[in-house]
Every structure is written in structure tokens, then in C-alpha cells.
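Read-outs: derived from the displayed coordinates by stated rules, not from any lab. Remember, it's a predicted structure, so these values are computed and weren't measured experimentally. Positions of Cβ are generated from backbone atoms using ideal geometry, with glycine treated the same way; all protein chains shown enter the neighbour counts.
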């Protein structure tokens with residue numbers, strides 16, 4: 001597969017940037033002759049792709065300066081149409097006309113009958129109409145590129161006069177990327193499924209902590225960026241891309257958002273598949289792939305949490321896992337400018353694309369889970385470091401705050417104030433264990449807290465941030481509690497679970513930690529024991 | 001002209017002209033390197049401008065045709 005690059009200016013710097021594609025530049029300024037002449041290299045079998053990347057100002061010639069008269073733009077459109085028809089097996093890539101902003105008519109340019117602006121618009125209308133009816137003519141929007149990045153950054157008069165190079169290196173890089181993405185889109189090689197996290201991705205904040213109506217998602221204020229992101233996602237579903245959810249949350253909380261939060265743009269029906277539970281995300285993604293019967297190499301995963309991203313990237317290398325924007329306000333633009341063209345570029349959008357989600361929802365088939373995931377190896381590479389603080393007076397403010405704010409992974413949900421915590425820290429009958437977490441992605445700070453009633457051998461409070469679930473952090477705190485109880489001569493440790501609307505996640509937590517159930521009250525409170533002597 | 005600048009410029013030119021770095025030395029110029037033709041030279045200048053965030057004028061492009069000249073320029077940036 002070889003490409004011939006035709007131009008009326010020096011486009012040589014683009015050739016190296018298009019690698020690994022093999023691209024050869026045609027003779028300088030012979031773009032029209034090459035398209036029309038049946039004996040030209042463009043017509044030969046050697047090339048199956050022809051790029052026509054031209055300079056509009058040069059084609060316009062004197063017209064740009066107010067002289068009436070034939071310009072070469074009309075000829076180019078006619079020649080492109082003719083060439084494409086004569087060579088249906090060749091892909092011809094061209095771009096829209098884009099004149100520079102140098103206007104000889106200055107402010108009169110818009111109103112004047114010989115306006116460059118209206119001339120350019122008319123030409124583009126005809127070129128676009130031609131591309132619509134010519135299957136092998138692939139058109140890219142040069143005007144949009146210039147508008148986004150700015151003429152000043154993309155054009156260079158120095159290199160233009162020094163060697164007929166119109167563009168800067170930045171422009172050549174943008175052109176190379178755009179051409180590659182457009183060809184992928186034309187060949188229909190884009191990815192098919194976008195798997196999304198929920199908290200701090202589809203809305204701001206954590207629904208399990210804030211509640212379904214108080215997550216950041218709004219038409220006014222900062223929550224607007226998440227709503228705009230949802231709008232962009234909704235638009236993406238109309239191009240035939242499937243959305244799926246993979247979120248660590250209580251399903252009931254998420255259901256409430258879908259049912260009650262009127263700021264949601266997306267509804268359940270917009271998703272081909274939903275996985276809301278506490279399973280490792282790679283397992284859920286494999287599960288989604290099996291259910292939809294699509295390969296993992298057609299998946300993209302977006303999550304604000306770098307650890308989840310790294311886990312998916314390392315266990316499922318076929319899945320594309322882009323970085324998340326540093327600022328949430330960049331989310332909508334980042335998505336439509338970078339993610340969509342890179343992974344979900346489309347050149348043709350058909351009627352069937354509009355209804356793809358419904359079709360897949362109806363056909364969701366269950367296959368056996370056959371993934372071979374090595375989560376242990378990932379955890380080992382994460383370089384987890386936990387630091388345990390016992391009765392640290394410096395951390396009482398943070399500890400009190402954690403008892404106030406943590407709702408999901410919280411066994412008893414006892415809310416304490418700073419003076420309470422001070423009392424526990426100072427008293428010899430209580431111990432306060434605080435755990436700091438960090439891994440190679442950075443420090444999460446204090447993520448786990450236990451308050452022990454030492455003479456009673458009772459765990460008064462046990463809570464953790466949901467961000468670190470499944471990384472063995474719980475065991476470290478329990479281990480420390482056992483050590484402290486033993487020092488007091490306690491042989492039997494007591495644990496409690498007090499149910500709330502939000503802590504269903506840990507209803508069976510103590511069972512998994514070697515405790516046995518002693519009693520269960522009518523209101524769901526459970527009492528546990530574990531022998532530690 | 002610093003050694004670091006010479007090393008950087010040699011690496012940049014070798015990459016742009018697609019030749020091994022061993023073919024270039026502090027004494028090389030467009031006269032001693034056949035691949036360093038007018039197109040190659042413009043590619044080198046585009047790359048220098050991009051890499052060092054500087055804006056060359058036409059006169060400079062005409063003069064920066066040796067490793068010595070280019071290394072001297074980036075020492076000043």
C-alpha cells in the first residue's frame with residue numbers, strides 16, 4: 001500500500017510524520033496535471049492512495065486580490081471528481097478550501113460582491129457535495145483545524161518565502177494525526193464500546209456519600225461540565241457507539257440517580273450494559289464484553305481514578321485506557337476533541353447506527369466468564385505502603401471528619417466530634433487507629449479508621465474510604481486491633497454491624513474477617529465475636 | 001559553542017535527515033553532508049524552531065547551514 005502526496009506547495013515535512021505509511025511526494029505544483037493526465041503517477045497502479053493537500057491562496061491566485069477571472073479552484077474540484085470516478089479502487093483524500101485571513105478588501109470583505117469569504121464558502125459547498133456523492137473521496141475539514149489552533153500558530157511566512165512551506169511543524173503534526181484518524185474512520189476501524197465510571201466521571205462527587213440529588217450535575221455552576229459531558233456521550237450513541245457502566249457503588253444508589261435526578265441527560269436505556277457492584281473492574285469489563293459478544297480490542301475505558309485505570313490497562317491490555325483530564329472543566333472538550341476522533345472516529349453514519357444500543361440491549365447474551373485475570377500480580381506491583389497511627393493527637397480533626405463523612409464502608413456509622421476523638425486518644429480505655437495509604441500513583445492520605453473500646457474488647461467504629469477497597473487495607477487495621485486487644489489481655493474481640501440506608505456494602509464484612517455471628521436484632525443489627533487468644 | 005548543544009543538534013539533524021549520528025561531527029555542514037539539501041535544511045530549521053520554541057527569520061535560515069552555526073544559536077536560547 002503506497003500513497004502519492006500531491007500539492008501545489010512544499011509538503012515534504014509531512015512525509016516522515018505519516019510513517020509507517022509509505023508516502024511519496026508528487027512533482028512540485030503538478031496537482032492538477034497529475035489528476036487529469038491518465039499517464040501520470042497518480043493514475044498508475046503503484047499508488048492506491050492519493051492525498052491532495054493544497055494551498056488555497058495559491059489556487060485562488062489573483063482572485064484573492066480582487067481581480068475577476070478564472071481561478072484554479074473550480075478546476076481542482078472538477079479534476080478530483082473525474083479522477084475519483086476513473087479510479088474507484090483508489091482512496092483520494094483531500095481537505096476543504098481554507099484561504100488565509102489576509103483580506104485585500106479589509107472590512108469590506110464581507111459585503112463586497114468579490115468577497116473572498118463568500119467565494120471560499122461557495123467552493124466548499126461544491127466540494128462537500130462532490131464528496132457526498134463520491135464514495136472514494138475522503139474529505140477532511142482544514143478550516144476546523146485552523147479555527148481550533150489558530151492561523152498564527154500553524155502558518156509560517158518565513159518558511160513560505162524560504163522554501164514554499166506554508167505550515168509550522170505543529171501544523172504538520174496535526175495534519176498527520178488528522179489524516180491517520182480520518183483514514184481509520186473511513187475504514188470503519190473505530191472502537192465500539194465506551195465503558196464509563198460514574199462517581200467523578202458522569203457526575204461530580206460520590207453518590208454513596210452525597211446522595212442521588214446532591215452529586216455535582218447541573219445546568220448552572222460547575223456541575224454543568226458533567227452535564228455537558230453527558231450530552232457529548234448521548235450524541236456519541238447516535239453514531240453507533242455503545243455505552244456501558246462499570247462502577248463501584250451500591251446499585252440502589254445508582255438506581256436512585258437514574259430515577260430521581262432530573263439533571264441526568266443519560267438514562268438507563270442509553271447504556272447497552274450496566275455493572276454496578278464491588279467486583280474488580282477488569283472482571284466486569286470482561287463480563288460486559290462477553291454479554292455484548294464484542295472483543296476487548298473494541299473497548300475504551302474512562303475512569304477518573306488512576307489506580308482503576310492502571311488495573312484495567314495492565315490486566316486487559318487490549319482495552320484502550322486514556323488518561324483523564326486534570327481539570328474536570330476540560331472534560332467535555334477533551335472528550336469531543338481528543339477521545340472521539342482518536343477512538344470513535346466515524347466517516348459514514350447510517351440509520352442503523354442510531355439504534356445500535358437498543359439492538360444490543362435486546363440481544364445481551366451471557367457467555368461464560370473465561371478471563372484469566374491476575375489481580376494479585378497487579379496489587380503486588382502497586383507498591384502499597386500503609387502507615388498505622390495509634391492515638392495520634394495530630395490526627396483527631398481528620399479522624400472526626402472521617403466519622404462524619406463516611407457512609408458506605410462504615411460498620412456502625414457513629415458520628416463523633418473533635419472533642420470526642422480527643423477524649424478517645426487521651427483515654428487509656430480507648431485506642432484510635434488511623435491508616436495512611438499510598439501507592440505508586442500517589443498518597444491517598446488517611447483512608448481507614450478504627451476506634452477500639454479496649455476493656456470491652458469491642459470495635460466501636462470501623463470505617464474506610466471506598467477508593468481502597470480490595471487492596472488488603474482492611475486486614476491491616478484488624479491486625480492492629482488484635483495486637484492492641486491482646487496487650488490488654490483480651491481473648492475475645494467483639495464487632496458490630498448497624499445497618500443504615502447506605503452501608504449495605506459491609507453487611508457481611510465481619511464474616512469475611514473470621515468473626516462468627518452471635519446475634520441479630522430485628523432492626524438488622526448484628527453482633528459478632530472472634531477468638532484472638 | 002557548548003558540547004551539549006553540539007550533541008543535541010547532531011541528534012536532531014540525524015533524525016530529520018534519517019542518517020546515523022556517526023556521520024555527523026561538529027565540523028559537518030550542508031556542504032559536507034549530501035542528505036543536507038535544501039529540503040533537508042528546511043526540515044532541520046522547522047525542527048529547531050519547534051524544539052527550542054524560537055522563531056527563525058529568513059536570513060537566519062540562509063545562514064544556519066552548519067552544526068557550528070546551529071549549536072551557537074541554541075547556546076544563546
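What FRET efficiency would be calculated for the residue pair residue B:52, residue A:508, taking the C-beta separation as r and a Förster radius of 60 Å, to the nearest 0.05? Plugging the Cβ-Cβ distance into 1/(1 + (r/R0)^6) gives 0.45. Return a whole-number percent for the relative contact order of chain B, with Cα pairs under 8 Å and 6 or more residues apart as the contact set. It rounds to 45 percent for chain B. Per residue of peptide B:30-41, the mean number of Cβ atoms on other chains within 10 Å of the residue Cβ is 1.
Distance from the C-alpha centroid of the range A:89-145 to that of the range A:19-43: 21 Å, rounded to the whole angstrom.
Taking a quarter of the surface of the Cα convex hull of the range A:383-531 gives a mean projected area of 8.5 nm².
For the range B:1-42 versus the range A:318-364, the inter-centroid distance based on Cα atoms is 43 Å. The mean count of C-beta atoms from other chains within 10 Å of the C-beta of residues in B:50-61, rounded to a whole number, is 3.
Enter the angle in degrees (range 0 to 90, nearest 10) between the Cα long axis of helix A:473-487 and the first principal axis of the Cα atoms of chain A, meaning the one along which they spread out most. Computed tilt is about 20 degrees.
Given the Cα atoms of the range A:193-379, and with Rh set as the inverse mean 1/r over their pairs in the Kirkwood sense, what is Rg to Rh to two decimals? Reported Rg/Rh (Cα atoms, Kirkwood Rh): 0.94.
Decide, for the range A:467-533, between rounded, prolate and oblate: order the square roots of the alpha carbon gyration tensor eigenvalues as a ≥ b ≥ c, take rounded if a/c falls under 1.5, and otherwise choose prolate if a/b is larger than b/c, else oblate. The shape class here is oblate.
Residues of the range A:132-167 falling in the label zone of residue A:187, defined by backbone nitrogen less than 19 Å from a point 7 Å along Cα to beta-carbon, are A:135-140. Mean partner shielding of peptide A:8-15, defined as the number of other chain Cβ atoms within 10 Å of each residue Cβ, is 2.
The modelled label-to-label distance for the pair residue A:329/residue A:375, using points 7 Å beyond Cα in the direction of Cβ, is 3.8 nm.
Using only alpha carbons, the range B:3-76 has a radius of gyration to Kirkwood radius ratio (Rg to Rh) of 0.91. Counting only DSSP H runs of at least 4 residues, each contributing -39500 (n - 2.57), and dividing by the residue count of chain A, the helix-based mean residue ellipticity at 222 nm comes to -10500 deg cm²/dmol.
Averaging Cα coordinates gives a centre for the range A:220-243 and one for the range A:488-529; these two points are 42 Å apart.
Counting only alpha carbon atoms, the long axis of helix A:224-237 and the longest principal axis of chain A meet at about 60°. Placing a label point 7 Å from the Cα of residue A:440 along the Cα-to-Cβ direction, the residues of the range A:306-326 whose backbone N falls under 16 Å of that point are A:306-317. Residues of the range A:395-421 falling in the label zone of residue A:501, defined by backbone nitrogen less than 19 Å from a point 7 Å along Cα to beta-carbon, are A:404-415. Across the range A:383-531, the mean sequence separation of Cα contacts (distance under 8 Å, 6 or more residues apart), normalised by length, yields a relative contact order of 22 percent. Each 5 Å bin from zero up to the one holding the largest Cα-Cα distance in the range A:241-338 carries the following percent of pairs: 2, 11, 21, 23, 23, 16, 4, 0. For the peptides A:484-490, A:162-168, A:322-328, the ranking by mean Cβ contacts within 10 Å, running from highest to lowest, is A:162-168, A:484-490, A:322-328. For residue A:21 and residue A:262, the FRET efficiency from 1/(1 + (r/R0)^6), where r spans their Cβ atoms and R0 equals 60 Å, is about 0.75. Modelled spin labels at residue A:355 and residue A:304, positioned 7 Å past Cα toward Cβ, are 3.7 nm from each other.
Specify the angular offset, from 0 to 90 degrees and rounded to the nearest 10, of the alpha carbon long axis of helix A:72-86 from the longest principal axis of the alpha carbons in chain A. On a 0 to 90 degree scale, this one is about 80. Full extension of the chain segment joining residue A:491 with residue A:214 gains 95.3 nm, where the gain is 0.36 nm per residue of separation less the Cα-Cα distance. For chain A, the C-alpha radius of gyration divided by 2.2 N^0.38 Å, with N the number of residues, is 1.30.
Over chain A, what is the mean sequence separation of C-alpha contacts under 8 Å (at least six apart), divided by residue count, expressed as relative contact order in percent?
So the answer I get is 9 percent.
Pairwise alpha-carbon distances in the range A:2-186 exceed 30 Å for 15% of all pairs.
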